[in-house]
Every structure is written in structure tokens, then in C-alpha cells.
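Novice: Let me begin by handing over the structure; questions about it come next.
What follows draws every value from the coordinates through simple rules; no lab data is involved. What you see is a predicted model; the values in this text were computed from it and never measured. Every residue, glycine as well, gets a Cβ built from its backbone with ideal geometry; the counts of neighbours run over all protein chains shown.
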Amino acid sequence: MNEQKTSRWSESFAGRLLSGLRFPGAGLVKGLAVTARNFVGSYFEKDRLLTELYPEQRPRLPENSRSFPFLIYDGNDPEAGMRCVSCKICEKECPPQCIYIVQDRDAAGKALKRPRVFNIDISVCMSCQICVEVCPFESIRMDQVFEASSYDRFGSLVLTKRDLLKSNEYYHGIHPTEAAETDARIEADRKKKEAAAAAKAAKAAETAKAAAEKKEAPAA
Amino acid sequence: MSEFLETAPVWLKDWVLGLLAGFGVPGWILDLVAAGMVVGTCIGIFLGLFALMSVMERKILARCQNRYGPNRVGPFGLFQPVADGIKMITKEDIVPAAADRVVHFLAPVVMMVPALLVLAILPYGRDLVPVQLDAGILYFFAVGAGTEVAVFMAGWSSNNKYSVIGAMRAIAQMISYEMPLVIAALTAAMVSGSLAPQAIVEAQGPAGFLPGWYVFTPWGFVAALIFYTCALAESNRCPFDLPEGESELVAGHLTEYSGFKYATFFMAEYIGMFAICGLFVTLFLGGWQAPLPALGFVPSWVWFFAKVCAVAGSMVWVRATLPRLRIDHMLGFAWKFLLPMGFVTFLAAACWHYAGRGPAGWLASLAIVGAAYVALSANFSRRFSLERRVYQFSE
Amino acid sequence: MSVMPPLDSSRTLDVSLGPQHPSTHGVFRMNVTLDGETVVRLQPVFGYLHRNHEKIAETHSYLAAMPYTDRLDYICPITNNWAYALAVEKLAGIEVPERAEYIRVIVGEFTRLQNHAALLGFLAGDLGGWGTALLWAFRLREKILDLFESLTGARMMANYMRFGGCRCDLPVGWLEAARAVVRDAHGQLDELEALLTGNEIILARLQGVGALTGERAINGGFSGPVLRASGVDYDIRKVDRYGIYDRFRFRVPRGTAGDCFDRMMMRLLEARESVGILEQALAGIPEGPVVNPKAKQRGLRPPAGEAYGRIEGPKGELGFYLISDGTDRPYRYRVRPPSLINLTLLEELCIGTKLADVMVILGSIDIVLGEVDR
């Protein structure tokens, strides 16, 4: 029944002796031997006890681990450096509809490219990360904070814009690889825009120069 | 030094009694005090062992399963029984409205008292037997059977059909396993020539390069295994915990018990387990005898309790490994395998003795038990169709 | 259906097993009628975990339904994702690049391995084995879940598959970690096997219990290891050859008696075959994109039509039937749940057995209530 014995236990003397036993009751003896080996091994082999003694030992979270979303801001001022432009794509695509955004308007009533209200109800959020995937402005990412329990179900579990805004340095701290890629993308976009703007400016200057020359020519 | 430790308990008792006699205390009070000291020490030790066992069982099980056991309360979690005790005592005691209140109250008591009474005849050390009874083994089984009545009282008085079914299964199991238990015990008693536990221990005196314990003879080994298996069944422990570990039908006969009554049942079960381990050690593992004469400097009561703890630890090991037997398997195993095996072992022990206890006796008894084991297990396997299967594969 | 004898209600006992019960693998209820110790009638009652999954998927976009598929068979989230992605790819005609197919096979077989190991543990627990086998199986499962967390971000609800590939690429060092887990897997399966398969008590309790013939299994619509334990040679990985399974050498085990022991052994043998596939896939994975760049995820509007995408999930044939009407929401979204369909003949399997066997039979069929009730 068992073709591939590739473990050290099976190939050891004890393992081969036990697996060759054929008397009635041998299965029980084999089981007892395996349990005894686990008992002794749990004191000496490091990889047997996988329990993390929380809260004395902090859990070792891998880099990609995700819990709930947060908003990124660049620089020191959260409100001024906020990347979110209130496009509302994440609100639309969120499967359980846990995001609530209200766009900011200035005194005259014109829409501004920033949210006035940005709430995420983390009692509804299922950490699916779709909001992160669909955001075109690299402004919402997944945090790693999992100790978010509270006694107040409807107040403390709705995170407002102020709770959600965290700096780019924080993002680099929790997801370094992803943050580096995001920064590279933003940099590349910025360079492309600068190059396009420079090309447009050069073209406009050239057209103006040509127009000026044309104006001079018939005059001449 | 070792002499002093060996005789320390007796010396202590005599010292206290002498002190009291010096104050002019009358003789009958001295007798009462002596009895009280012995009983108090005995119960105190076993309650302490029970507390230690309840946490060590969880920790040993945990280590077999590659995890830590309880490790929050006290160093290495050793104060866990205190926390458990506080929890049990402060729980609400619920008695169902339609239950028979008197019987419901008495069942834990009837369970606890025989478990404590049987501790009286076990020889804890060379001179440490609380009560010297010539028919000690008979007393053990007679009084110990009182716990079975308690199980049925618990199930019946709860007025709950699941409890009754659980209790009936428990009774069937306990009665079936009494027979091989007694026969295996009688084997050791027959060879020793006495029913008194002290005499049985002394008959297993040091001999040759192996200790003279009965477990090191062919018939004794088999009888010890039979006794051990039946001890597991009598204590309702895995793999025979169908009555209590009913994952199919709620919790069996203990469904309607909560709080301190449940704690009493729990305690009685563990003390009963220690009592049967003590009898096992007495009958087959040489009681308070040291394995080698050179190790005789260790006091005899240390050997006894070390052996009892080792046997109890092995019961935890078995619990970690083996799953539960179904009721028909369990009863079939008792009646169709253990009981005939017990009789054959009895016969083999007699052959061993009458062949002069020498090599001829060894061979004869080995042949008898070996043949019986093969025949009975073949029959058992055939009845319950335990086959090795070969599987086919397709590419 | 077997002919049931007339029930004399003064002799029989009605027991309701569940919905809260330590051994029913979730909120599942069985109304069992007992004659002494023997089962004479069994009526399953389910629906306690119904969460309107199909209706939710029909009122959301195609991408938004993907995280909900994680929660169907919650022990094997990634294979649920894969089946749904397959169905949408068939509907919209999306191709999958080669590296993505390799990654799909790797995470799919890891899922199968941890599911079968967990099942061996759960079955031993149902038998009264006090959690030893379960915790050993979970030791293997922990390492696999750690791999999933470093790849997808979540241990269980991975939300990893996308239409035309996978959501993200393997992080640095993941392949080495995966190879280390695969190297240890055989040893851990050996331990489970040594504990469980020779044990006379387990043999006595599982052999001959709940026997299902191949013909009844086919008529009942069974699939997966339960079907193969009854002797039918049907594995969708071999039949449909979806993904790139035809590039790997692996065998499909077949049982003879179709009883609970054969079903348990199927899982053990298939777990070993999964380790073999993993070794081949981890050795041969090529470079390349992990998602088809032309595939749209957000705002996908497949052309009108229907498609049925199915995979050999660890529980059986998991299928998604989609009807599209050209908009960004499916017109009809239907899940073929293997756990529910494998429960069809539960009563027939249990009649005549003892009460203790009912739990064992239910455990050996391997159901997850998230899938049964959706």
C-alpha cells in the first residue's frame, strides 16, 4: 500500500523493524511507537512544535499578509499628501460594499479631487483586496494590523479617513517589495508625464516660433 | 539515611502516638488517631496525585500531539488543577426537575467511596499497608464493583433517555471486563499462594539477572497485558471510553451533572484508576520491590509510587494513540478473546509452576500462551474481517 | 431507495444528531430513528449555513464573485477559485499563460494535500482518537498555509485566481520554501499512515462499514475519492485534462470494497500522488507572465452564452455553470457542490448500521457545510 518511504524514520532501524511486524496487534504497537517518537521529539526537534506562544511571541507575518485596507499619503501632512482623488472605483467594486466615500467640494460647490468622507466598515470588510487591485492611483493598500477587536461594534469598527491615513514610510515598513514596486511605478508615470509635458511644451514653442516666423515672413 | 527514609512514615506515626500517650490520652482515642493519620495520609497523597495527574495527562497528551499543554497557570502550568478546582466548585449545580433527587445526589458519593476504600489494602512499602487483610484481593474486587452501581444510578436518576442508554452500555462494559480482570489477578495470586497483597509482593523477590516480578515470565506478561486492558476498561479510559466520551450521544451517563458533583465523578474515576494501577503494580510489577538489589537504597515506597506513576503515564500514552472501540467490538473482545486468553494463561501459570519454575516450565508456558494467542486472534480477525488490502492504480 | 420496514414507534427511538454536534463537520442535522442500536431511518436536514451565494454572484460583477467562492468549500479556497476562473475563461474565451498554469497546479495540489491530511485527522477524531492524528495533519497543513499566506496574503481566503491567470507572481524564495515543504511531506504522511492504517481498532471500525457499490455510486452522481473508492476509474484531471495536467505523471488509485476504509485510504494514496505532482511541477516551472495581459478583470463583459467549468476538487467534481447575457453580471450562476451530491445516498449507506457508524460514514464522505448549503 505504501510505495514511497522517503522519511528518515521509515528508513531507520526502528522504522523498518516495526513496519515488518506482522503479528496481530502489531498495528497498535506501531501506533504507540509513533506517538512515543512524537512525544520525545517534541522536546528535541525544533520544527515539531509549531505553536507560537502569543502574546509573548509576536506572530511572524509574511510580507504579503493582509488584514484591512488603509490609505497612503506622501510627505508629512496626511490631508495634503493624500493620494486618493475620490474616483470611487473602490467603492463601486467592493463586493460587500463596505466603503463609503463622499467627494469634497469647495466653497463654490465645485468638486475637488479629494474625499471629504472615506469610511470603511471593517466588520463588513472581507479582506479580499479587490479595492487595492482596482485603484488607479496607488492610494489604497492592505494593512497588517489584526488586533482590531473592540467592545463597540458599530462605532469603533467603522474606520474614518483619519484612522485610515498612514504614511508611505509606514507602507514601506510593512510591505517593502510592494512599496518599492509602487514607488517605481509612480516614478515612471511621473517621468512619462514630464516627458509628455516637455514634448508638448517643445511642440507648442515650435508652433509658436513657426507662427512668429510666418508672421514675420509675409511682413517681410 | 535510606533506612531512615524507609521507616520514616511508621516512625512518624509512632512518635505522634507516643506524644499523645504521654499526655495521658486514653487508648481508644489513640487508635482513632492512628487510623485517622493513616487514612488522612493515604487520601491526601492520592488527591495530590489526582491533581498532578489531571495536569500531567493534558501535558503529556499535548506533547504527543506536538503542542504545549496548559502553561499559563503557575510554572509549566502545574497550578492548573487549582484553577480547575475553583471553576468546578463555583459552577451552578443543576438538577433536572424530573430527576430522582436522592439517587442523583448519592451517585457521586457511591462512586467515590469504593474508590477510596480499595486503597486500604495496597502495600505502599515494606511495612506500609493500611489494613492487613488475608483476602485483600477479594476485598479489592468486591468493594471496587460498587462503582458500577454508581454509574447506573447516575444514568437512571437523570431521567434522560440518552443517559440511560449510556449507563447501560457502561454497565455492560464494566461487567464484561470484570471477568478477565479477576482471572488475571487470580493467576498471580495462585502462583504466590496467597490472596494477601503483601504476600504477593514478597513472593516476587529478587532473582537472577531479571527481577523476579511476574511480568517477566511468559504467563505473567500475558496476564499483565490482560489485566492492563481490563483496567483501562474498568476506568472507562480510551480505547474503552464509549460511556463517557460519547461523541455520538451527548455525554452519556454524566450528562446531567455539573459543578462539584461532576468534579466528584472525575475525582472518583482518577482515584479508581490509581487504585487499579496500584493493584497492577502489586500483582505483576513487584510492588515496592526494587528491580535490582543494588538499587535497594531507594526507599520502597518511592519505588511503589514511581511504578504507579509510570503505569498511569502509559495509560495516557495509550489514550493519545488509540481510537475508541464500538460497543459490539468491545464486548466481543472481552468475551471472545480476553476471557479464553485469561483461562489459558491460568493454565500456563500452573504448568510453569509444576514444571519446576525452570527452563522447562518457561518453554511450556510460552508454548501454551503463544498457541492460544495465535488461535484466538485468527478467530477474532476472521469474525471482524480485518484484512490487509492492496489497491490498484491507473495511469 | 431501499424498502423501509413499517416503523413501530413504541420500539424505536428518535434522535436528532445536530445541528450543534462535535462530529458533524459543521452545522448539519440528522434525524435518526434507532431500533435499539441500529439505524432504521435517517433524514438529513441542512441549510443552516445557507448564505445566498448564487444570488449574490448574480447581482455582482464577475470579479466580485471571486472572493465569495473562497467561502464555499472553505478548507480548499484556491481550488474553488480555480473552478470559477475556468468557467469564466470558457465563457469569455480567455487563454492562460504557461507559468500561470504551473502555479495553478502547484497551489491546487498543495490544497489537495492539506485537505486530505486534514480529513485523515478529522476521521481519526470522529473515531475517538483524541486529536493526535488531527494535530499531526495540521502540522503539515500549517506549513502549507504559511506558503499560501506568503503568496496570496491570506492563509485561507486566498482570492488568488483571476480570469486568465493568477493575481500575483511568486515572491522571492517561495519556490525554495515550497520545495522544503514537499520534501517533508512524505515523512509526515508516513507518520499518519503508521498511526492509522495498521491499527486494528481502526480496521475493525472502518472495514465493511458503509459499503457503496460502483454502480450505485455512478447512479447517485458521486465524484471524487468516494467514487474511486467504489472501484470506478474516473478522475477529471485525467478525463478533461484541464490546465496542464497531461504533462505530469501521476497515478489514480482505485478501491475495491467502497467502504469507509477504502475511502480513507484513497485520500492517503492521493495525497502521496499529489506530492509527486508537486515535485514535478516545482522542478519544471517556466518564467513568463502570470496573467493574460489582454484579459479584463474589472468590468468583464463576456459575450452572451453559457459555460460549465469543472475541476477535480479534493472533495469531488466542483463545477460552475454560468449563463451570460452580455452584461457585466451573470444571468445565472450555479455551483455544483460535490459535498451535497455525495450526501445523496447517506440514508441508504447508514440504514442497518450502528449509531456509532453513522458518524464514521459521514466523516469518510468528507463534506464541508459551506459547500452543501452555499
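Novice: Could you sort B:166-175, B:349-358 so that the peptide with the highest average Cβ count within 10 Å comes first and the rest follow in order?
Specialist: With the highest mean Cβ count within 10 Å placed first, the list reads B:166-175, B:349-358.
Novice: From the backbone phi of segment B:332-345, what are the Karplus-calculated ³J(HN,Hα) couplings (6.51 cos²θ - 1.76 cosθ + 1.60, θ = phi - 60°) in whole Hz, Gly and Pro given as x?
Specialist: x, 4, 5, 7, 9, 10, 5, 5, x, 4, x, 4, 5, 5
Novice: Holding the Cα-Cα limit at 25 Å, pick out from A:30/B:59; A:161/C:294; C:238/C:315; A:110/A:209; A:92/C:296 the pairs that are longer than that.
Specialist: Table pairs above 25 Å Cα-Cα are A:161/C:294; A:110/A:209.
Novice: For every other residue with a beta carbon closer than 9 angstrom to the beta carbon of residue B:157, add +1 if it is Lys or Arg and -1 if Asp or Glu, then tell me the sum.
Specialist: Summing Lys and Arg as +1 and Asp and Glu as -1 gives -1.
Novice: Which three semi-axes in whole Å describe the equivalent ellipsoid of segment B:91-178, each the square root of 5 times a Cα gyration tensor eigenvalue, listed largest first?
Specialist: After scaling each eigenvalue by five and taking roots: 32, 16, 9 Å.
Novice: Please list log₁₀ I(q)/I(0) at q = 0.17 Å⁻¹ for segment B:1-66, using the Debye equation with identical point scatterers on the alpha-carbon positions.
Specialist: Rounded to two decimals, the profile gives -0.74.
Novice: Same structure again: State, to one decimal in nm, how far the label point of residue A:210 lies from the label point of residue B:367, with both points 7 Å from Cα in the Cβ direction.
Specialist: Between residue A:210 and residue B:367, the label points sit 11.9 nm apart.
Novice: Exposure proxy check: B:237, B:72, A:141 ranked by fewest other beta carbons within 10 Å?
Specialist: By the 10 Å Cβ count, ascending: B:72, B:237, A:141.
Novice: What ranking do B:105, A:70, B:216 get, fewest neighbouring Cβ atoms within 10 angstrom at the top?
Specialist: By the 10 Å Cβ count, ascending: B:105, B:216, A:70.
Novice: Can you work out the Karplus-derived ³J(HN,Hα) for every residue in segment B:51-56? Use 6.51 cos²θ - 1.76 cosθ + 1.60 with θ = phi - 60°, whole Hz, and x for glycine or proline.
Specialist: 4, 5, 5, 5, 8, 5
Novice: Can you tally the net charge around residue B:96? Count Lys and Arg as +1, Asp and Glu as -1, for every other residue whose Cβ sits under 15 Å from the Cβ of residue B:96.
Specialist: Here the count lands on -1.
Novice: Give me the mean projected area, in nm² to one decimal, of the convex hull enclosing the Cα positions of chain A.
Specialist: Approximately 26.0 nm², given one-decimal rounding.
Novice: If you average 1/r across every pair of different Cα atoms in chain C and take the reciprocal, what Kirkwood value do you get, in Å?
Specialist: That comes to 21.3 Å for chain C.
Novice: Let me ask something else. Answer rounded, prolate or oblate for segment B:223-341, using the Cα gyration tensor with square roots of eigenvalues a ≥ b ≥ c: rounded when a/c is under 1.5, else prolate when a/b is larger than b/c, else oblate.
Specialist: oblate
Novice: Now, a different point. Checking a compactness column here: for segment B:307-377, what do you get for Rg(Cα) / (2.2 N^0.38 Å), N being the number of residues?
Specialist: Compared with the compact-globule rule of thumb, segment B:307-377 sits at 1.43.
Novice: Taking neighbour counts of Cβ atoms within 10 Å as a proxy for exposure, in what order, fewest first, do C:136, B:317, B:335 appear?
Specialist: Fewest to most other Cβ atoms nearby, the residues stand as B:335, B:317, C:136.
Novice: According to the Kirkwood expression over distinct Cα-Cα pairs, how big is the hydrodynamic radius of segment C:1-156, in Å?
Specialist: 19.0 Å
Novice: 222 nm [θ] for chain C, helices only, -39500 (n - 2.57) per DSSP H run of 4+, per residue, to 500?
Specialist: -14500 deg cm²/dmol
Novice: For a distance above 16 Å, tell me the whole-number percent of Cα pairs in segment A:69-184 that qualify.
Specialist: The calculated P(r) of segment A:69-184 puts 60 percent of pairs beyond 16 Å.
Novice: Here is a further query. Be a star and scan segment A:145-166 for residues whose amide nitrogen sits under 16 Å from the point 7 Å along the Cα-to-Cβ vector of residue A:58.
Specialist: A:145-148
Novice: Using only the alpha carbons of chain B, determine the length spanned along each of the three principal axes and report them from longest to shortest in whole angstroms.
Specialist: The principal-axis extents, from largest down, are 88, 65, 41 Å.
Novice: At q = 0.12, 0.14 Å⁻¹, what is the log10 ratio I(q)/I(0) for segment C:253-374, with the Debye formula run over Cα points and no solvent?
Specialist: Debye output, listed in q order: -0.72, -0.88.
Novice: Separate question: From the phi of every residue in segment C:135-141, what ³J(HN,Hα) in whole Hz does the Karplus formula 6.51 cos²θ - 1.76 cosθ + 1.60 yield, where θ is phi - 60° and glycine or proline is x?
Specialist: Once θ is set to phi - 60°, the couplings for segment C:135-141 become 6, 5, 5, 6, 5, 5, 5 Hz.
Novice: Go through segment A:120-154 and name the GluC sites (Glu not before Pro) that are in a DSSP coil and have 14 or fewer other Cβ atoms within 10 Å of their Cβ.
Specialist: Answer in residue order: A:147.
Novice: What is the local net charge at residue B:83, summed over the other residues whose Cβ is closer than 14 Å to its Cβ (Lys, Arg +1; Asp, Glu -1)?
Specialist: +3
Novice: Also, quick follow-up: Calculate for chain B the 222 nm mean residue ellipticity that helices alone would give, adding -39,500 (n - 2.57) per DSSP H run of length 4 or more and normalising by residue count, nearest 500 deg cm²/dmol.
Specialist: -22000 deg cm²/dmol
Novice: Hey, how much of the P(r) for the protein assembly as shown falls beyond 50 Å, as a percent of Cα pairs?
Specialist: Tail fraction, whole percent: 36.
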